[in-house]
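A.B. asks: Pasting a structure below so you can have a look.
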Amino acid sequence: MIKILHYGLSMNPGGIENYLVKLWDHVDQKQYQFMFVDLYEGKACFRKELEDKGCLFYNITHRRKSVVQNYKDWKNLFAEAAVDIVHCHLNTLSDLMPVFMGLRYGKRVIVHSRSSQMAKSVQTVLLHRLNSILLPRKKITMVAVSNNAGEWLFGKHSDFQVIHNGVDLNRFYYDEEKRNSLRTKFGLQGKFVIGHVGVFLPVKNHAFLLKVFQAVREEDTNARLVLIGDGPLRTETEVLAKKLGIWGSVIFLGKSSDVAEWYSAMDVLVFPSFFEGFPNVVLEAQATGLPCVISDVITDEVVCFSTCKKVSLKQTINQWKASAYPTVKTKNRYLYREKMRLNGYDVQNEQLKIIKLYCSLLDN
């Protein structure tokens, strides 16, 4: 059995967290054992779900709490646990302890770039820049979700492999029945529904999104905004919605297991992130034939169809509104799942590439 130690789970269900759940669901669980690092005293995202599915977890003291204990915990982990590959899913290089310790104990190490910028503290920025110099590029395997993500984390001329995120096309497809059911349940029949899926963090730019929606609602009082997700800035976003006078037209769903169905219920996805690595949300939405309006800083690799428009964050609120409303309705949204499959974005293709990578590392 091949044993993979994954590092990168946070406490919020973002891209990395959903990716890892999806990865475990699609590998041969008789041949692979997934292990995860929990830096949050048992509160890592999806811990119970993954443990129930047979994954193992190891508690590591967060370096912010104690650098010394963090080091000891890593040392104990590698001394006690049988690990073949250390797979680090990183948004920054601010913490390379799993990389250094993995190499020290003779493990194969993958550093997987999951973002294309960072919005962190001064300390994180300084650590990232220092570790960028110290990163042992020749001793690790470098992977990125997009060219932008790879160039940002490893450097433009680094030898990294791009493995795009895939979409589970058995889940994400247009469903007219689900659309009507959700719109009836939430009083959205006859409404123009703008949607967004993402953790409430600064990078997602929720404040800008609310202002775009405010402009749309000034033109169409039947417009509604559906926000799926949770996170540190949710309360602040709710306060802003009240301040802007749109509270009654915004639905804060929180975490939802019905994301696939909600794409069918929406009329357009607006995604004004300040930066992303390779946002699966945009892929999932396109698989359901949902028109998308995304920020221009997001990699072109995520744009599969002409129904996905890129708009500069330098454009005005009204210019964003004009792109989002009125949206040209996609003809026959049922067809887009197969189009995504033909474009190579089926999750099975992604899993095969990852499994091939694991096998190649152990063969060397």
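A.B. asks: Give the residues of the range 21-39 that are closer than 20 Å to L90 by Cα and touching a strand residue (DSSP E or B) at 6+ places or on another chain (Cβ under 9 Å), sorted by residue number. If you could, list the steps in order and put the result at the bottom.
C.D. replies: If we filter the range 21-39 for residues that are closer than 20 Å to L90 by Cα, which is where we start, we get 21-24, 34-39.
Within the range 21-39, L23, W24, F34, M35, F36, V37, D38, L39 meet the criteria.
A.B. asks: Does V167 satisfy the condition of being of a type in the set (V, I, T), more than 17 Å from L96 (Cβ to Cβ) and under 24 Å from the mean Cα position of the chain (by Cα)? Steps first, answer last, please.
C.D. replies: Values: of a type in the set (V, I, T): yes; more than 17 Å from L96 (Cβ to Cβ): yes; under 24 Å from the mean Cα position of the chain (by Cα): yes.
Yes: the conditions hold for V167.
Residue-wise test of (1) in contact with a helix residue (DSSP H, G or I) (Cβ under 6 Å, 6 or more places away or on another chain); (2) over 23 Å from I163 (Cα atoms); (3) modelled with pLDDT under 95.
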position	(1), (2), (3)
N222	no, yes, no
E236	no, yes, no
K242	no, yes, no
I246	yes, yes, no
V250	yes, yes, no
D258	no, yes, yes
A265	yes, yes, no
G277	yes, no, yes
V302	yes, no, yes
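Yes or no, residue by residue, for (1) buried (at least 17 other Cβ atoms within 10 Å of the Cβ); (2) in contact with a Ser or Thr (Cβ under 6 Å, 6 or more places away or on another chain); (3) among the hydrophobic types (A, V, I, L, M, F, W, C); (4) outside any helix (DSSP H, G or I):
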site: K43; (1), (2), (3), (4): no, no, no, yes
site: K48; (1), (2), (3), (4): no, no, no, no
site: E51; (1), (2), (3), (4): no, no, no, no
site: H87; (1), (2), (3), (4): yes, no, no, yes
site: V125; (1), (2), (3), (4): no, no, yes, no
site: R129; (1), (2), (3), (4): no, no, no, no
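A.B. asks: For the range 29-40, indicate whether the set of residues that are part of a loop (DSSP other than H, G, I, E, B), at pLDDT 95 or above and open to solvent by 10 Å² or more (accessible area, probe 1.4 Å) is non-empty.
C.D. replies: Yes.
A.B. asks: Additional query: Exactly one of these conditions fails for A119: (1) at pLDDT 95 or above; (2) open to solvent by 50 Å² or more (accessible area, probe 1.4 Å). Give me its number.
C.D. replies: Evaluating A119 over (1) at pLDDT 95 or above; (2) open to solvent by 50 Å² or more (accessible area, probe 1.4 Å) leaves (1) as the failure.
A.B. asks: Sort out which residues of the range 313-336 are open to solvent by less than 80 Å² (accessible area, probe 1.4 Å), part of a helix (DSSP H, G or I) and either in contact with a helix residue (DSSP H, G or I) (Cβ under 6 Å, 6 or more places away or on another chain) or of a type in the set (F, W, Y) (or both), and write them in order of number.
C.D. replies: Correct list: I317, W320, K321, Y336.
A.B. asks: A further question on this structure: What pairs come up if the first residue lies in the range 146-157 and is under 13 Å from F278 (Cβ atoms), the second is modelled with pLDDT of 90 or more and small (G, A, S), and their beta carbons are under 6 Å apart, counting only those six or more places apart or on different chains?
C.D. replies: A149/S113; G150/S113; G150/A144; L153/S113
A.B. asks: Here's something else I'd like to know. When you scan the range 91-103, do you find a residue that is within 19 Å of D159 (Cβ to Cβ), open to solvent by 20 Å² or more (accessible area, probe 1.4 Å) and at pLDDT 95 or above, even just one?
C.D. replies: Within the range 91-103 (the criterion being within 19 Å of D159 (Cβ to Cβ), open to solvent by 20 Å² or more (accessible area, probe 1.4 Å) and at pLDDT 95 or above), the answer is yes, since at least one residue qualifies.
A.B. asks: Quickly run through the range 154-200 and pick out the residues that are in a loop (DSSP other than H, G, I, E, B) and closer than 20 Å to L227 by Cβ.
C.D. replies: Kept after step one, since they are in a loop (DSSP other than H, G, I, E, B), are these residues of the range 154-200: 155-160, 163-166, 168-175, 186-191, 198-200.
Correct list: F172, F186, G187, L188, Q189, K191, G198, V199, F200.
A.B. asks: Write out, first by first residue and then by second, each pair whose Cβ atoms fall under 9 Å of each other, whose residues are 6+ apart or on separate chains, and whose first residue, in the range 341-364, is closer than 12 Å to Q161 by Cβ and at pLDDT 90 or above while the second is open to solvent by less than 20 Å² (accessible area, probe 1.4 Å) and part of a helix (DSSP H, G or I).
C.D. replies: I354/L23
A.B. asks: Then there is this: Hey, G254 hits all of (1) over 26 Å from S181 (Cα atoms); (2) surrounded by fewer than 16 Cβ atoms within 10 Å (Cβ to Cβ) but one; which does it fall short on?
C.D. replies: (1)
A.B. asks: Would you check which residues across the range 202-245 are part of a loop (DSSP other than H, G, I, E, B) and either open to solvent by less than 70 Å² (accessible area, probe 1.4 Å) or over 24 Å from A260 (Cα atoms) (or both) and list them? Can you show your working first?
C.D. replies: Our first condition is that a residue be part of a loop (DSSP other than H, G, I, E, B); within the range 202-245, this holds for 205, 220-222, 229-233, 244-245.
Within the range 202-245, N205, D220, T221, N222, G229, D230, G231, L233, L244, G245 meet the criteria.
A.B. asks: Which count do you get for residues in the range 139-194 that are of a type in the set (D, E, K, R) and modelled with pLDDT under 95?
C.D. replies: Going through the range 139-194 one residue at a time, the tally reaches 5.
The values are calculated or read from the model by the stated rules, or taken from the named source; none is laboratory data. Predicted model only: the values in this text are computed from it and were never measured. A quick note on method: Cβ atoms are made from the backbone with ideal geometry, for glycine too, and the neighbour counts reach across all protein chains shown. Protein only, heavy atoms only, side chains kept; ligands, DNA and RNA dropped before computing areas. Shrake-Rupley method; radii C 1.70, N 1.55, O 1.52, S 1.80 Å.
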